[in-house]
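The values are calculated or read from the model by the stated rules, or taken from the named source; none is laboratory data. The model shown is predicted, which means the values in this text are computed figures rather than measured ones. We place every Cβ from the backbone using ideal geometry, glycine too, and count neighbours over all the protein chains shown. Note: accessible area is taken over every heavy atom of the protein model, side chains too, but ligands, DNA and RNA are not part of it. Shrake-Rupley method; radii C 1.70, N 1.55, O 1.52, S 1.80 Å.
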Amino acid sequence: MSEPAVHPISVPNPYFEGTNSVYFIEGEPLTLIDSGMCFDDARDVLEQALGEIGYRFEDIGRVILTHKHVDHVGQAAEIQQRSGAKVYIHRDDRDEVQAMGEGHREFVGDIRRLLVDWSTPPADVEALAGSMERNGWKARSVVAEELNDGDVIPMGTAELEVIHTPGHTPGCICLRMGRHLFTGDTVLPDISPNVGGGDLRGTGLLRTFFESLERVRDLQQDDTLAMPGHGPPFPE
């Protein structure tokens, strides 16, 4: 069985990572894994990249989100509005993407309080929290279907297997299609995922993250190609 073409697309991100990696799969239906930030530059780059391979937002039939963070969810609402695409995310992150604006405001408030408690200089508190406010407020809530560990998503000539890998967020997933392993922010090539930074009220997240890394390690094959949420694909 042949696999559909996979197109990595790098879109701008105003945070320290610099870019997000999203993946367009020419399956049935046309599928986007993650969607980048919700600001004009990211949307324009994503639209241009799709146009270069002959597609538009309106052609996308499905968006699969590897987790709930705003830099991965940002364009999902607009794509859904313009194309009618179904959006999918693990059940443990689903509530947050369906209340995206309100949830982001609460998160930034938690960040402010923690930084003050940690005696962070006021100017640094404002620099960080202010950046998060400016770059997150435009994210809109999206109607999402839930995914669960072990779900198999038909892609026409292939399938995507859902692998729950919590730690970075409770609902982080990886997706496997043949030799392609879409790792989201669970496995990155050049930086370490933050663990707990996006779930300030959780406990035991580092242990959970290490358990997820062990699970991903066990998926490795000689020809595995990791497709991360930031940075280029790399052999695992």
(request) Using +1 at the Cβ of each Lys and Arg and -1 at the Cβ of each Asp and Glu in the chain, identify which of 100, 210, 48 lies farthest towards the dipole's positive end. (result) 100
(request) Rounded to whole Å and sorted largest first, list the principal axis extents of the Cα atoms in the chain. (result) 57, 38, 29
(request) Please work out the average accessible area per residue across the chain, using the 1.4 Å probe convention, and give it in Å². (result) 46 Å²
(message) Which order do the peptides 108-115, 86-93 come out in when sorted by mean C-beta neighbours inside 10 angstrom, highest first?
(response) 86-93, 108-115
(request) Quick one: which residues, 5 or more positions from residue 98 or on another chain, have an amide H under 5 Å from its amide H? H modelled 1.01 Å from N in the peptide plane, none for Pro or chain starts. (result) 142
(message) Please give the charge dipole size of the chain, origin at the Cα centre, charges +1 on K and R Cβ atoms and -1 on D and E Cβ atoms. Round to the nearest 20 debye.
(response) 400 debye
(request) Can you work out the PRE-style zone for residue 203? Point 7 Å along Cα to Cβ, and I want the residues of region 163-179 with backbone N under 18 Å. (result) 167, 170
(message) How much length would be gained if the chain were fully extended between residue 146 and residue 47, taking 0.36 nm per residue of separation minus their Cα-Cα distance, in nm to one decimal?
(response) 33.0 nm
(message) Angle check, please: helix 205-217 long axis (alpha carbons) against the longest principal axis of the chain (alpha carbons), in degrees 0 to 90, nearest 10.
(response) 20 degrees
(message) To check you understand DSSP bridge types, tell me what percent of the beta bridges within the chain (both residues inside) are antiparallel, rounded to 5.
(response) 60 percent
(request) Provide the packing ranking of 163-169, 49-55, 144-150, i.e. peptides ordered by the mean count of other C-beta atoms within 10 Å per residue, highest first. (result) 163-169, 144-150, 49-55
(message) Applying a 10 Å radius around every beta-carbon, put 5-17, 173-185 in order of their mean neighbour count, most first.
(response) 173-185, 5-17
(message) If I take R0 = 30 Å and measure r between the Cβ atoms of residue 7 and residue 126 in this structure, what FRET efficiency does the formula 1/(1 + (r/R0)^6) give, to the nearest 0.05?
(response) 0.15
(request) Putting +1 on Lys and Arg Cβ atoms and -1 on Asp and Glu Cβ atoms, find which of 122, 77, 166 reaches farthest to the positive end of the dipole of region 32-180. (result) 77
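Rounded to the nearest 500, what is the 222 nm mean residue ellipticity of the chain from helices alone, with -39500 (n - 2.57) per DSSP H run of 4+ residues and division by all residues? Walk me through the intermediate numbers first.
Numbers: 7 runs with 78 residues, N = 236.
After summing the helix terms and dividing by residue count, I get -10000 deg cm²/dmol.
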(message) If you fit an axis through the alpha-carbon atoms of helix 40-52 and take the longest principal axis of the Cα set of the chain, what angle between them do you get, 0 to 90°, nearest 10?
(response) 10 degrees
(request) Please list, in chain and number order, the residues 5+ apart from residue 64 or on another chain whose amide H is under 5 Å from its amide H, with Hs placed from the backbone. (result) 32, 33, 34, 88
(message) I'd like the orientation of helix 122-136 relative to the chain: the angle between its Cα long axis and the longest Cα principal axis, in ° from 0 to 90, rounded to 10.
(response) 30 degrees
